[in-house]
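K.L.:
Sharing a structure here in C-alpha cells format.
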Amino acid sequence: MNTKFLVWAAMGLAAACSSDPERDWANAGDDLKGAGRDGGADGGKGKADPTDVCGKHAVKANSATPDMLIVLDRSGSMAPNGNDTRTDRWRGSRDAVVQVTGEFDDSVNFGLMTFPTFNPSGGGGRDDDDLDVAVQCVAGSVNVEVGPNAADAINGVLQPMRASGYTPTAATLEAALEVIGPPLSADQGLTSPKYVLLVTDGDPNCSADFMGGGGGGGGGGGQMVDMRARTETIAAIQKLTKAGVRTYVVGFQTGRTNFAEQLNMMAAAGGTGETMHHSVENGNDLANVFAELAGRAKACSFQLAAPVDSTFVLVTVGGKPRKLNSQEDGWILGSDRQTVTLTGQACSAAQAGEIFEVEVQCDPVMVI
C-alpha cells in the first residue's frame, strides 16, 4: 500500500499559525479544542488564538499491529455426523485457522477462544460424549491469550480438540469482551486496533430459555429458534463495538440456512461497515476469507505519533476527505486518541494503494 506521511508540512493559513515553527504539535488537539467551539481569542468566529499551534499539519503515522481474537465454534454440528451435508467443518476450520495464523504470525497479534468450553476427559484429551446440557452450554474461555507469535500455541491447542456440545455464542462473546476489551499495549506503549473474528456454523442458542434445545448448524428448517439467544448475541457484539472492538462474522455453510439473516444482523452490529456475514463452503474458502480479513485489519489500522482531538482532524484517502465514525466510508479514532482505523470504502481505497493522510486543522472539521 502506498502511504504518505509528513511530520510538519505547514501549508498556508500563516496569519493564524504559531510564529514558532519548532513548537511541538503533539498537544495541538488539546490546544485547539474549543478554539472553534468555545470562542477562542476572536469571540467565537471559528479562528484559533494566534499563539496556539495552528495551520494545516500532516501527522506522522505508522502501520499498527492489530489484535485479533479468533472465536471459533466447535459445537457438535461442526462434526460430519452433526450436520446435513456430512461435512467435517471442524477439521476445515481448524486447518484454516492454523494456516492463516502461521501466515500472519509476524504482523497480527492473534488469540483464540473456542466454544463451548473444551472439556478434556481421560486419555487423548477428548470431550465426554455424555456431558449434560449445562456443561455443553458453558461459554468459551481463552485457549491462547492475544499476543505476538501465537500461531504455534494456537496449533497446539486445536489439535486434540473435536466438535461437541451446543452453541453458546452470546455468553462467549460476552467473555471475549473481557479478554480483548481492556487496552493491550504494544512495545511502544500504544494501544493496538482490536478485532474479533467469529467463525460459526450454527444459530446462537444456550439462553436460559432453551439451553441448547435448537438452532444448531445442521441446516434443517424445522429446528427451534432461540430468540433470546439471538438477541443476546447481537447485544454482546454491540458491546464489543462500543468498546472499540470490531467483529467480523464468518459462517460455515450458512448462506442458505434459516438463520443466515441472523448472522447478517450480527455482522452489521460488528462495526466493520459490513452488512452481511461471510458464508464459506469449505476449509479452503475459510482460509481465503480469514486471510483477507487479517490483511484488511493490518492494512487499514494506523498509529499516530501523538494523541489528537478528532474534532480538528482531517483524514483523506486518495485526496478525498473521509467522515469520522462512518462505517461505510470513513475512519474511527481509538479510545487512546492515537489509533486510526479506516472503514468501508476508505479501507478498500487504501488497500488499493491510494495515499492516506491525517492532518490537524485550525478549525473544526466537517465532512458531509
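Read-outs: derived from the displayed coordinates by stated rules, not from any lab. Quick caveat, the model's predicted, so the values are computed rather than measured. Please note: Cβ atoms are built from the backbone with ideal geometry, for glycine as well, and neighbour counts cover all protein chains shown.
K.L.:
What order do you get for Phe302, Phe104, Phe252, Phe356 when you list them from fewest to most C-beta neighbours inside 10 Å?
P.N.:
Phe104, Phe302, Phe356, Phe252
K.L.:
For the stretch 227-284, state the semi-axes of the equivalent ellipsoid (square roots of 5 times the eigenvalues of the alpha-carbon gyration tensor), sorted largest first and rounded to whole angstrom.
P.N.:
The equivalent ellipsoid of the stretch 227-284 has semi-axes of 20, 14, 8 Å.
K.L.:
Now for a different question. Can you sort Glu145, Glu354 by how many other beta carbons sit within 10 Å, fewest first?
P.N.:
Ordered from fewest to most neighbouring Cβ atoms within 10 Å, Glu145, Glu354 come out as Glu145, Glu354.
K.L.:
Where does each of Glu328, Glu232, Glu178 land when they are ranked from fewest to most other beta-carbon atoms within 10 angstrom?
P.N.:
Ascending number of Cβ neighbours within 10 Å: Glu178, Glu328, Glu232.
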